[in-house]
Number of protein chains: 2
Amino acid sequence: MSGSQPRHALHADSLVRVDERTLLREVLVKPGMCGHNALLVGQIGDWTWEAVSELCGLNVFQAADAEGSPTYLSFYYYQVLGDRAFHLRTPTFGDRLQVVSTCYGLGSESVLTLHRLSHAGRGLPPKVSVEELLNARIPECLYVQNVNRWIRRGVTGNKELYAAAPVGFQQAHLATPAPELSPRIAYDAARRRGAFASEAGERPAGEWTLPYEVDLARDLNGVGLLCFATYFSIADGALAKVWRLLGRSDRSFLDRLVVDTRLCFLGNAEPGTQLSVQLRRSVRGEAEAVERFDIQIIEEESQRMLAVVALTCDRRGE
Amino acid sequence: MSGSQPRHALHADSLVRVDERTLLREVLVKPGMCGHNALLVGQIGDWTWEAVSELCGLNVFQAADAEGSPTYLSFYYYQVLGDRAFHLRTPTFGDRLQVVSTCYGLGSESVLTLHRLSHAGRGLPPKVSVEELLNARIPECLYVQNVNRWIRRGVTGNKELYAAAPVGFQQAHLATPAPELSPRIAYDAARRRGAFASEAGERPAGEWTLPYEVDLARDLNGVGLLCFATYFSIADGALAKVWRLLGRSDRSFLDRLVVDTRLCFLGNAEPGTQLSVQLRRSVRGEAEAVERFDIQIIEEESQRMLAVVALTCDRRGE
């Protein structure tokens, strides 16, 4: 065997800049970015940081404010929209995906990033927009919108976080979403009311409260904050327990079809903190075809709300 | 801004083939591959699969046997050797790493992969060997050895796994480690005796048994098996509980300095299975400078041993 590439060589992942606000990548799905866990959510979050780095003039992975204090591009709102053919648990080892990522401007301290994931080789256009995400989704694609805010930590640790614009952050060249298409409508309501807006025809169908303790061995990221992907794991873990309380099998939980996940991040927490996770179930449609879980993640002692979550399941054909 | 690369552009991750058994990469550390969790362990595992794909003639991510049944390059032995300056929790957002990966032959159904991680820019040579890993480690580097075996699933699910060589796996061109340097010595002992060999001067210092249930929302990989990185999380989670039982603070757990982690994977488990995690603590050296935890992960009902773990902590200067 010589130094030349052998015939079996994997296609390398590729990343190209389509225009001043769009990146296009083709990637091989690896075990570390798929499964019955939040690894794909984490991978997409990495792509958000990379998109902002490439498109907004600074290295997000090492950003700092004018005083030299580290600033983090924290996740504030994270929505994942899929369908029966492509949802969060669809990609598996060896799949090749096309990923289109676009940044929109949301002012000097925030940025909106959209991603569209699909199986590679479909010839889909290398662009995505809020209009497409909200009103014209292509079937068998996974759409994601992330709103990120620049923050820095206060002296008291993870509880105290401040807005902080880093040096070098450029967003004037980005388009701004039309007000009626902005994710602000969704997350402002979630913050004010502790729940995302409900849908017409929803009927309440149960409530539960479950304890959770911030896990020292799994929940913290590389700078000691509760990782954004952990919030998804906390919500999914509570949902798994409710699934059993509803008399359903573990297998049916693994096979659940979540077509819309929304998460608004309102606070962080110290390692070891006791949380309480409150779930409300509602259903709508014939034969309860749509099931929705509204979840609040709350710091037990202070009753601070750390996150508001909504998970919408498609139960047709179960 | 034009279509040309802006000045702030991140260095793209690079991957080159050094020779027929060695890969060299330079990577930016992203949130999805670091932290107080098993994400770096998972990332290194992905690099193992990629190294075997590039160096052994097949696409590991989609391997199959002669009948077309999927085969998986399962993790059998995973050792991580660090020092006070570079251990599993050292890399953080924005660090640039040099990673050298080399495959060794272990017969038609197994392969040994070594990795050496270090901060980029040190000018370290693009090669690593079992001799270096065992007898001549360079300071401030993280060394990893992975032994992987080809398996396929039986009809009864995750409990039943068989050896299975996939089509296209080439290993004749790889070097074979000298018998006295082979990891086989370590993992054969672990399998036979339920513990890795102990060190001279170790004194027993406590035993605990803790329950764990396989987590439907976090523990399974993209093909529904208990993920190899999950075993590290289970061991670390049990260790965190023992840390409190020893009267130590959560902060001191997060600051623990584990310089040698060994894990031998003996079995897999179904989602929802009850496990029991047994820990034995031993200490050696002046002022108990070295502390070691021997851990067994056992399926409660069958008493099947799923994994044998050893974690060695450096407590000097605490």
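Throughout, read-outs are computed from the coordinates displayed, never taken from laboratory work. Nothing here was measured: the structure is a model prediction, and the numbers come from that model. Please note: Cβ atoms are built from the backbone with ideal geometry, for glycine as well, and neighbour counts cover all protein chains shown.
Could you line up B:His87, B:His119, B:His36, A:His173 from fewest to most neighbouring Cβ atoms inside 10 Å?
Least crowded to most crowded, the residues run A:His173, B:His119, B:His87, B:His36.
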Net charge near B:Pro211, counting Lys/Arg +1 and Asp/Glu -1 over other residues with Cβ under 14 Å of its Cβ? -4
Mind sorting B:Trp208, A:Trp47 by how few other Cβ atoms lie within 10 Å of their own Cβ, fewest first? B:Trp208, A:Trp47
Please give every one of the lysines within straight-line cross-link reach of B:Lys241, meaning a C-alpha to C-alpha distance under 25 Å, and leave out same-chain neighbours fewer than 8 residues apart. A:Lys159, A:Lys241
Fluctuation leader among A:Gly224, A:Gly247, A:Gly121 - chain A, Gaussian network, Cα springs under 10 angstrom: A:Gly247
Expressed in nanometres to one decimal, the distance between label points 7 Å along Cα→Cβ at A:Arg84 and B:Lys159 is 3.4
Pop a pseudo-label 7 angstrom from the Cα along the beta-carbon direction at both B:Ser249 and A:Leu134 and give the gap in nm to one decimal. 4.8
Please compute the average number of Cβ atoms from other chains found within 10 Å of each residue's Cβ in peptide A:92-101. 3
Across peptide B:253-265, what mean number of C-beta atoms from other chains lies inside 10 Å of a residue's C-beta? 1
For chain B, what are the DSSP H helices with axial Cα length of 20 Å or more and mean Kyte-Doolittle hydropathy of at least -0.5? B:39-55, B:228-245
With each pseudo-label sitting 7 Å past Cα toward Cβ, what's the B:Glu180-A:Leu181 distance in nm, one decimal? 7.0
Under 17 Å between alpha carbons, and skipping anything fewer than 8 positions from B:Lys30 in its own chain: which aspartates and glutamates qualify? A:Asp13, A:Asp46, A:Glu50, A:Glu54, A:Asp219, B:Asp13, B:Asp46, B:Asp95
Per residue Cα convex hull volume in Å³ - calculated over region B:14-179: 124
In Å, what Rg and Dmax follow from the Cα atoms of chain A? 19.9, 66
